[in-house]
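Chemist: So that we are looking at the same thing, I have put the structure below in structure tokens.
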Amino acid sequence: MLIKEFRGVDFIDREKEIEFFLNYFKQEPERIMWIYGPKSTGKTTLIEYIVENYLLKNKDYNVKYINFRGKMIANYDNFVDAFIKPKDSPFFKNLSVSVNFHFLKVDSKLYEGIKKREFDFFEAVQEEFLNSSPNQKNILIIDEIQTLQDIYLNGNRLLLNEFLNFCVRLTKETHLSHVLILTSNTIFLNEIYNNAKMKVTSDFKLIDHFGYEEIKTWLINKDLGFRDEDIDLIYDYLGGSVAHIKKLIDFRNEYSSLQEQLDEMTEIAENEIDFFIQKNTLIKDDIERFQFVAKIIIANGYFDHKKYKGYIDIVSRFADVEILFYDPVKNITTANSRIYVKAFEKIL
Ligand SMILES: Nc1ncnc2c1ncn2[C@@H]1O[C@H](COP(=O)(O)OP(=O)(O)OP(=O)(O)O)[C@@H](O)[C@H]1O
Ligand SMILES: [Mg+2]
């Protein structure tokens with residue numbers, strides 16, 4: 001396992017996942033690939049790393065990467081603008097290659113027609129893929145897909161449904177492009193997973209937190225003066241969550257000891273749980289069922305829904321606020337990250 005650099009910060013190499021995706025791209029597009037996992041495990045970073053270090057450097061691939069994060073998508077127009085731009089748009093002048101691949105470029109007249117709804121957006125984009133270089137494999141990557149929820153086209157046509165149908169056309173039906181879709185919203189993913197039609201046209205890849213060895217190698221490599229027992233303590237409280245460990249490192253000088261800092265991080269997680277329970281005025285039965293789930297997670301590391309029935313509803317509520325993580329593929333629930341398990345231990 002190697003520690004590399006990506007955009008000026010450490011990148012803990014995800015060799016296995018990178019190899020998985022590079023092999024995947026060599027195959028013909030047959031299904032949509034859903035990339036999912038708990039909050040902040042590094043889904044976006046991994047895909048952007050692969051795009052920048054492998055795909056953009058390889059002439060065999062034509063990559064388009066649309067990230068809806070931070071984009072206000074409230075209607076059809078916003079969606080079109082987030083996706084396509086006219087080829088001769090002044091927008092592309094002086095832009096680096098790294099921004100160019102974030103949009104599909106279409107002929108100006110076609111763009112106008114799409115905006116005026118004279119042409120169907122999806123047919124036009126499919127046409128663009130059809131006309132792209134025959135020697136290149138197309139790869140379309142969509143991040144933060146859940147942004148498209150609850151948006152209607154005309155009348156009662158849901159944008160998301162139309163978009164997913166389009167993705168099925170690109171993969172299963174025409175094999176024109178690979179389609180990768182990223183999300184950390186598993187309630188949303190669950191709906192897809194339990195939709196019989198979508199399930200057969202989809203693959204699912206979990207990107208989870210890092211393991212002990214990877215975190216240990218990374219922390220030793222950073223040379224911050226942590227002793228072996230400090231690293232074990234950090235892993236006990238924060239698990240393989242890089243995002244949480246980075247935060248710990250950034251603020252460690254504010255505390256007199258590592259234990260004090262980890263206790264405070266646990267308390268913040270406890271408060272978050274308490275706030276959620278109070279804000280939603282959960283009834284006694286809900287709280288008890290949540291406590292049961294939490295107890296099992298403390299004991300086993302995960303809660304198996306095949307074994308215990310009748311908990312999906314309460315799990316969904318805590319998954320919505322990213323305290324729990326429901327994996328629809330394995331049908332199990334875990335804490336969204338290790339710090340919540342420490343918080344469960346305190347409140348139970
Ligand atoms: N392989 C890695 N090595 C080191 N740091 C990483 C790695 N992957 C992600 N990170 C760091 O972890 C944080 C979260 O990463 P990122 O935003 O990619 O996660 P995500 O899974 O896409 O999150 P979300 O669930 O919000 O979509 C970032 O600060 C990122 O720099
Ligand atoms: Mg992300």
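The values are calculated or read from the model by the stated rules, or taken from the named source; none is laboratory data. As the structure is a prediction and not an experimental result, all values here were calculated from the model. With ideal geometry, Cβ positions are generated from the backbone for all residues, glycine too; neighbour counts draw on all protein chains shown.
Chemist: Which residues, counting only those in segment 168-224, are of a type in the set (S, T, Y) and more than 12 Å from ligand 1 (Cβ to nearest atom)?
Modeler: Residues satisfying the conditions are T171, T174, S177, Y193, T201, S202, Y212.
Chemist: Here are some conditions: (1) at pLDDT below 95; (2) within 25 Å of the chain's Cα centre (by Cα). K222 meets all but one. Which one does it not meet?
Modeler: With (1) at pLDDT below 95; (2) within 25 Å of the chain's Cα centre (by Cα) applied to K222, the lone miss is (2).
Chemist: Return the residue satisfying two criteria in turn: it lies in segment 24-49 and is among the β-branched types (V, I, T), buried (at least 21 other Cβ atoms within 10 Å of the Cβ) and within 16 Å of ligand 2 (Cβ to nearest atom), and of such residues it is nearest to R169 (Cα to Cα).
Modeler: I35
Chemist: Looking at I18, I84, I114 in this structure, which one is within 18 Å of the chain's Cα centre (by Cα) and β-branched (V, I, T)?
Modeler: It is I18.
Chemist: Read through the list (1) surrounded by 15 or more Cβ atoms within 10 Å (Cβ to Cβ); (2) at pLDDT 95 or above, then give the number of the only condition that T186 fails.
Modeler: Checking T186 against (1) surrounded by 15 or more Cβ atoms within 10 Å (Cβ to Cβ); (2) at pLDDT 95 or above, the one that fails is (2).
A quick yes/no check of all residues on (1) among the aromatic types (F, W, Y); (2) at positive phi:
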| position | (1), (2) |
| --- | --- |
| F204 | yes, no |
| I207 | no, no |
| T217 | no, no |
| N221 | no, no |
| I234 | no, no |
| G239 | no, yes |
| L248 | no, no |
| R252 | no, no |
| L258 | no, no |
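Chemist: From D81, D77, D10, which residue is surrounded by fewer than 13 Cβ atoms within 10 Å (Cβ to Cβ) and away from ligand 2 (no atom under 16 Å from the Cβ)?
Modeler: Every option except D77 fails the conditions.
Chemist: If you don't mind, there's one more thing I want to ask. Do any residues in segment 142-154 that are in contact (Cβ under 8 Å) with a residue 12 or more places away in the chain and within 16 Å of ligand 1 (Cβ to nearest atom) have Cβ atoms under 8 Å from those of residues that are of a type in the set (V, I, T) and assigned to a loop (DSSP other than H, G, I, E, B), where the two are at least six apart or on different chains, and which pairs are they?
Modeler: T147/I73; L148/I73
Chemist: Separate question: Of all residues in segment 50-72, which are away from ligand 2 (no atom under 16 Å from the Cβ) and not in a strand (DSSP E or B)?
Modeler: N53, Y54, L55, L56, K57, N58, K59, D60, M72
Chemist: I'd like the full set of residues that are of a type in the set (V, I, T) and within 15 Å of ligand 1 (Cβ to nearest atom), limited to segment 20-76.
Modeler: Hits for segment 20-76 are I35, T41, T44, T45, I47, I50, V51, I66.
Chemist: Moving to a separate point now. Does any residue of segment 282-305 turn out to be of a type in the set (K, R), under 21 Å from E229 (Cβ atoms), more than 16 Å from ligand 1 (Cβ to nearest atom) and free of Cβ contacts under 8 Å to residues at least 40 places away in the same chain?
Modeler: Within segment 282-305, none of the residues are of a type in the set (K, R), under 21 Å from E229 (Cβ atoms), more than 16 Å from ligand 1 (Cβ to nearest atom) and free of Cβ contacts under 8 Å to residues at least 40 places away in the same chain.
Chemist: Check off (1) more than 16 Å from ligand 1 (Cβ to nearest atom); (2) of a type in the set (D, E); (3) within 17 Å of K342 (Cβ to Cβ) for E322 and give me the number that stays unchecked.
Modeler: So the condition that E322 fails would be (1).
Chemist: So K105 ticks every box in (1) of a type in the set (K, R); (2) within 21 Å of L56 (Cβ to Cβ); (3) assigned to a helix (DSSP H, G or I) but one. Which box is left unticked?
Modeler: The single condition K105 does not satisfy is (3).
Chemist: Go through segment 52-70 and give me each residue that's loosely packed, with under 15 Cβ neighbours inside 10 Å and either more than 24 Å from S133 (Cβ to Cβ) or not polar (S, T, N, Q) (or both).
Modeler: Residues satisfying the conditions are K57, K59, D60, R69, G70.
Chemist: Now for a separate question. Taking only segment 165-216 into account, find how many residues are aliphatic (A, V, I, L, M), within 16 Å of ligand 2 (Cβ to nearest atom) and in a strand (DSSP E or B).
Modeler: Residues meeting the conditions: 4.
Chemist: A further question follows. Among all residue pairs at least 6 apart or on different chains, which show Cβ distances below 9 Å where the first residue, located in segment 18-43, is part of a helix (DSSP H, G or I) and the second is within 16 Å of ligand 2 (Cβ to nearest atom) and among the acidic types (D, E)?
Modeler: K43/D143
Chemist: Say we look at segment 136-163 and pick out the residues that are part of a helix (DSSP H, G or I) and within 16 Å of ligand 2 (Cβ to nearest atom); which of these is nearest to M33 (Cα to Cα)?
Modeler: Among them, the one singled out is I145.
Chemist: Taking the conditions exactly as written (modelled with pLDDT of 95 or more and out of contact with any Ser or Thr (no Cβ under 8 Å at 6 or more places or on another chain)), does L233 satisfy them or not?
Modeler: yes
Chemist: Here is a follow-up. Among the numbered criteria (1) closer than 30 Å to A319 by Cβ; (2) more than 16 Å from ligand 2 (Cβ to nearest atom), which one does K109 miss?
Modeler: Of everything listed in (1) closer than 30 Å to A319 by Cβ; (2) more than 16 Å from ligand 2 (Cβ to nearest atom), K109 misses just condition (1).
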